[in-house]
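Below is one structure; the comments refer to it alone.
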Amino acid sequence: MGGLSTRGAGAVLAGLVLLGAPVALALPRYRLITAQQVGHDQGDPLWQLSRRVVPCTTCHLSPGGGPGWNPFGESLRAGFRAEPGARFSDVLYRVLEARKDADSDTYPDALEFFARTNPGDPQNRPDRTRAELQAEFEAAGGMGQYAPKEK
Ligand SMILES: [Ca+2]
């Protein structure tokens with residue numbers, strides 16, 4: 001009896017996982033594209049499961065995403081408004097290429113991605129000087145390393 005209910009619960013759980021997985025993977029599409037485009041998918045085979053790799057708060061106010069964007073998210077939204085129908089990866093590239101500092105913490109958005117800090121949160125900023133970071137960024141390939149990889 002106990003075994004049966006355990007199996008039943010297991011089947012329900014498996015069903016929920018099967019039903020939920022495509023939704024969970026489909027929703028953060030922009031997150032996945034961003035991680036690959038800025039190289040944050042490197043070095044951790046389980047990066048897609050890590051909430052530290054391009055978290056929703058890179059663009060959204062809420063840790064769960066959804067409506068409500070931080071200054072960097074608003075930059076991307078402005079990019080989409082300027083180029084209706086553009087691919088996300090192209091909009092992201094153009095926003096980063098503009099060398100703007102969405103959250104006004106003195107570090108351009110591209111350098112924040114390079115340092116893996118949040119370009120939309122002024123409280124979260126690189127621990128190196130901007131000049132040091134800029135030199136490392138250029139040595140690593142500059143904006144070329146953030147070219148769209150989306151097919
Ligand atoms: Ca920041």
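The values are calculated or read from the model by the stated rules, or taken from the named source; none is laboratory data. None of the values given here were measured: they were computed from a predicted structure. Don't worry about glycine lacking a Cβ; one is built from the backbone with ideal geometry, like all the others, and counts go over all protein chains shown.
Laid out as a table, the results:
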| quantity | calculated |
| --- | --- |
| Test result for Asn124, surrounded by fewer than 20 Cβ atoms within 10 Å (Cβ to Cβ) and within 16 Å of the ligand (Cβ to nearest atom) | yes |
| Residues located in the range 80-131, provided they are in a loop (DSSP other than H, G, I, E, B), hydrophobic (A, V, I, L, M, F, W, C) and within 21 Å of Cys56 (Cβ to Cβ) | Ala102 |
| The range 112-146: number of residues that are out of contact with any Pro (no Cβ under 7 Å at 6 or more places or on another chain), hydrophobic (A, V, I, L, M, F, W, C) and touching a residue at least 24 places away in the same chain (Cβ under 8 Å) | 4 |
| Residue pairs meeting the criteria (Cβ under 8 Å; at least 6 apart or on separate chains; first closer than 22 Å to Gly120 by Cβ, in the range 44-57; second among the β-branched types (Val, Ile, Thr) and part of a helix (DSSP H, G or I)) | Val54/Thr34 |
| Where Glu112 falls short, out of the listed (1) over 23 Å from Ala139 (Cβ atoms); (2) surrounded by 21 or more Cβ atoms within 10 Å (Cβ to Cβ) | (1) |
| Failed item in (1) among the aromatic types (Phe, Trp, Tyr); (2) closer than 20 Å to Pro28 by Cα; (3) within 12 Å of the ligand (Cβ to nearest atom), with Tyr107 passing the rest | (2) |
| Checking Leu96 against (1) at pLDDT 95 or above; (2) within 22 Å of Lys149 (Cβ to Cβ); (3) aliphatic (A, V, I, L, M); (4) more than 16 Å from the ligand (Cβ to nearest atom), the condition it does not meet | (4) |
| Residues (out of contact with any Ser or Thr (no Cβ under 9 Å at 6 or more places or on another chain) and within 19 Å of Glu112 (Cα to Cα)) located in the range 42-68 | Gln42, Gly43, Trp47, Ser50, Arg51, Arg52, Val53, Pro55, Thr57, His60, Leu61 |
